Each structure stands twice: as C-alpha cells, then as structure tokens.
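Below is one structure; the comments refer to it alone.
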Amino acid sequence: MQAEPQAFDRVLSSMCTDPHPDARDAAERFLATNPGDPATYQRVADLEDEAVALLGEVAGLADPAGYVASGGTEANVQAVRIARERADSPRPNVVVSEAAHFSFQKAADVLEVELRLVPTDGDHCADLEAVRASVDSDTALVVGVAGTTEYGRVDPIPELGEIADSVGALLHVDAAWGGFVLPFTDYEWGFDHAPVDTMAIDPHKMGRAAVPAGGLLARSESLLDELAVDTPYLESTAQATLTGTRSGAGVASAVAAMRTLWPAGYREQYLRSQRNAEWLADALEKRGYEVVDPTLPLVAASVPRPTFEALRAEGWRISRTATGELRVVCMPHVTREMLASFVADLDRLEVRASVPVVGDD
Ligand SMILES: Cc1ncc(COP(=O)(O)O)c(C=O)c1O
C-alpha cells in the first residue's frame, strides 16, 4: 500500500504548513533540479535570484544578498559563521536570549564559538540590560529573534542593533517563523528598521512554500562572501551555501508562493491567523487557564499535563514550551473550526466544574 503523509486537520504544533497549491506545483516541477550547481541548472538558479529579491522586499531590503537555505537552522548557522569570519577575536562569542531557537546551540558547537545565553524579561523578550552586560570586545554577533518559537515574541531589534554597534559586532535577526507575518504589524524588525546585517526568514514556515525552503539574507554581497569556498569541478566558481546539492523544489516553490501571496495574500493570512489565536486565547482564558497573550499567532497556556496527554491521545498534534505550557501555533492550515473542535475535546477531557464557561464568540 502506498504511504500517505499525515493530514493537517489536527496539527497545532508545527511551524510548517500545507503549501500553497502554486508552491506545491512548482516544487513538483523543479524536484530534479540542483541550485547548488547553477551553471548546469540555470533556470532554478534564476529563480533563486528572484526568491532572494522577493525575500528582500518582505524584509525591507533593496538589493539583498542571500540564498534559499534548507531552513532556519542553516540560515542561523551561516549567520554565526559570517560573524565568526568577520570577528577580530581569537575567542569570538555570540550573544542571544535563552528564548532563541536551539539552532544557535548547534551553530556554537560546530563553529566553536562561545554562546552567551541571556535571560528574557517579564514578557519573554531579550532583556536589554542583560544583553548590555554580556557583550564585550570579543562579541562577534548579537542575535534578536523576531517571532520566538515558544511565545511568538519580537525582541527589541533597533536597541539590539545599538548594542551590537557599541562593540563592533554584527546584528542577526532570526525571523525564520515571524518574517511573513511581521510586515503587517507595527513591530520594528526588518532591515529598514535597524542596522540588521543578516536575517533568517523561512518561506517554508509562514511563507507557505514546500519544505525545504529557508532563507538567509545579508545586507551586502561582501557579508555573503565570508561563506564562499572555491568550487573547482563546477563551472560556477564559488559556493556560499552549507549544503552542496540542494533541492530546487524549495527554491521554485518559495518563488511561486511569494509571487502569489506577497503582499495581499500574506496580509489576509496573517489577519486570519491572528484572529484565530486571539479566539483560542480567549476561549482558554474563559476556562480558567493562564494564557500568554498572543502578540503574534501563537498561543501558550497552562494546561495540565494529564489533559495535554489526553488531547495528544485523541490525535491532536500539540507541543509544550520548555516550562510545560501547551503551545498552539496558528499556522495558515489552522481554521476556526479546528480550534473549536479542539476546545470541545478539551472540555470533554478536562471538566473544570468550578470555572464558569462564558460563550465563545
Ligand atoms: C525562530 C526559529 N528559528 C529557527 C528555526 C529552525 O528552523 P528549521 O527547523 O527550518 O531549521 C525555528 C524552527 O521552528 C524557529 O522557530
């Protein structure tokens, strides 16, 4: 029997989603292409140039450098690598809040840089005083997260830029998840808001491209050049990516999704996801759970572990934060009907007689 992938109708934990139909078609057409060899696979190489230009538009950068990476992990690792190469220190360090994605741990391991994890403030954002106290003349990179993995928080990027500047470090923004929703908010997160040097921004998350389609952007070609190695047996002369052979499916599907959805489609998608997150937060609050305010479309709430386990047993794909809260990511495939059905299961599995439930509308 042919294996089938899981349906998305109970997936509330993923930062990936059902690709847009145009992205799906493009991925299929470009499945057997390799943008890692641009002199042979020229059409997908041209598409990659378009992908980078479109990502630049989303992130507020005219004339960007960059490439379509395998995901946010690769983009973050490469940003740390650029900073390490630029650093004028034998013991470079990277300063990042403890809310940052674990890919920075991998970057520090493979690149042998010191990772300085600083605490968050009361609202799960990087604590600026702690960042100021952690940087020094060996700091190669300050990282701000624009849409954290657990709470969807946006670090104060312009202020982090000032701190980076004060010690001659680069500034990297991890907008792997947030990049396709933040253009429609008032947050200051992009290249046009702060002296951002590099950014992770993933089409395969909120951008609705097929996996693998991450994005690494750099303010200038010279930053990307820090990654380049010579490629003797290829007709192209240098390669900046971490992987060699790469899937052209991700590149083509990223372009297709962005051509179709940027900007109006993404705006509409953000508004729907945000309304869904607020609806769910409200429904959980009315049931007496402690809820972290969803400032982006991601809800965290203190649902007890037995209830969490019962919901998973019911087929709901949900996850928990490091401190144990239920975490629901309102991705584009997450509809109001799905959330209503989830809340109905929650009510059935944990009846809390002492808490009055007011109508959900
Ligand atoms: C903020 C952030 N950065 C980086 C990543 C890593 O991305 P990937 O899993 O595509 O490598 C994630 C994954 O969820 C993320 O949320």
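Computed values, structure above
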{"item": "Order of I163, I201 - criterion: other Cβ atoms within 10 Å of each residue's Cβ, fewest first", "result": "I163, I201"}
{"item": "Kirkwood-type radius of the stretch 81-195, with distances r between different C-alpha atoms, in Å", "result": "13.9 Å"}
{"item": "FRET efficiency estimate (nearest 0.05) - Cβ-Cβ, V110 to A39, R0 30 angstrom", "result": "0.60"}
{"item": "Share antiparallel - DSSP beta bridges, the stretch 264-349, percent rounded to 5", "result": "100 percent"}
{"item": "Spacing of the two label points (7 Å from each Cα toward its C-beta) at D88 and A344, in nm", "result": "6.5 nm"}
{"item": "Nearest 10 degrees, 0 to 90: helix 248-261 Cα axis against the chain principal axis", "result": "60 degrees"}
{"item": "Antiparallel DSSP beta bridges within the chain, percent to nearest 5", "result": "55 percent"}
{"item": "Ranking of W279, W189 by count of other Cβ atoms within 10 Å, fewest first", "result": "W279, W189"}
{"item": "Taking S70, S89, S253 and counting other C-beta atoms within 10 Å, the order from fewest to most", "result": "S89, S70, S253"}
{"item": "Global geometry of the stretch 2-130, whether rounded, prolate or oblate, following the gyration tensor of its Cα atoms and the 1.5 cut on a/c", "result": "oblate"}
{"item": "Computed over the stretch 195-256: relative contact order in percent, which uses C-alpha pairs under 8 Å that are six or more apart", "result": "34 percent"}
{"item": "Distance cut-off 17 Å, percentage of C-alpha pairs in the stretch 178-271 lying past it", "result": "60 percent"}
{"item": "Theoretical gain in end-to-end length, T243 to D49 [0.36 nm per residue, Cα-Cα removed]", "result": "68.1 nm"}
{"item": "Degrees, to the nearest 10: 264-286 long Cα axis against longest axis of the chain", "result": "40 degrees"}
{"item": "Cα point-scatterer Debye curve for the stretch 217-295, base-10 log of I(q)/I(0) at q = 0.17 Å⁻¹", "result": "-0.86"}
{"item": "Computed over the chain: relative contact order in percent, which uses C-alpha pairs under 8 Å that are six or more apart", "result": "23 percent"}
{"item": "FRET efficiency, D63 to E162 (Cβ-Cβ, R0 22 Å, nearest 0.05)", "result": "0.35"}
{"item": "Positive-end extreme of charge dipole, the chain - chosen from A264, F102, T335 (charges on Cβ)", "result": "T335"}
{"item": "Cα Rg, Dmax, the chain, angstrom units", "result": "20.9, 71"}
{"item": "Helix 157-166 vs. the chain, principal-axis angle (Cα, 0 to 90°, nearest 10)", "result": "40 degrees"}
{"item": "Shape of the stretch 264-349, Cα gyration tensor, a/c cut at 1.5", "result": "prolate"}
{"item": "FRET efficiency estimate (nearest 0.05) - Cβ-Cβ, D192 to R305, R0 35 angstrom", "result": "0.20"}
{"item": "Stretch gain in nm, segment S13-K286, where the contour uses 0.36 nm per residue and the Cα spacing is subtracted", "result": "96.1 nm"}
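All of the numbers you see were taken from the coordinates with simple rules; none came from a lab. The shown structure was predicted, so the numbers you read here are calculated from the model rather than taken from an experiment. Note that we place each Cβ from the backbone using ideal geometry, even for glycine, and neighbour counts take in every protein chain shown.
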